[in-house]
Amino acid sequence: MIGEDRRLTGELVDGELRLISPAMALKKLQDMIQAVDTGTGSIVDELIADRRAEAARE
């Protein structure tokens, strides 16, 4: 359903153009984040720790 502002987000998937509302795009993003969230703390803290570990290996 297209909202009152009539804005859509488009993505090309396997040669198919898919149009989604901003609300649906946000929901997809939240689902992606939830899938990788370990629940052990701040995602930002985890990212910083990963970057520091990567830098230490270099």
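What follows is calculated from the coordinates using simple rules that are stated; it is not laboratory data. All values reported here derive from a predicted model rather than from experimental measurement. Heads up, the Cβs are rebuilt from the backbone with ideal geometry, glycines too, and the neighbour counts pull from every protein chain shown.
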_Any residue in the range 21-41 that is more than 20 Å from THR9 (Cβ to Cβ) sitting within a Cβ distance under 8 Å of a residue that is not polar (S, T, N, Q)? List the pairs, counting only those 6 or more apart or interchain._
ASP37/ILE43; THR38/GLU46; THR40/GLU46
*Filter the range 34-58 for residues that are of a type in the set (A, V, I, L, M) and surrounded by 10 or more Cβ atoms within 10 Å (Cβ to Cβ); which is farthest from the chain's Cα centre (by Cα)?*
ALA49
*Give the range 11-22 a look and list any residue that's surrounded by 10 or more Cβ atoms within 10 Å (Cβ to Cβ) and either assigned to a helix (DSSP H, G or I) or of a type in the set (Gly, Ala, Ser) (or both), or say none.*
SER21, PRO22
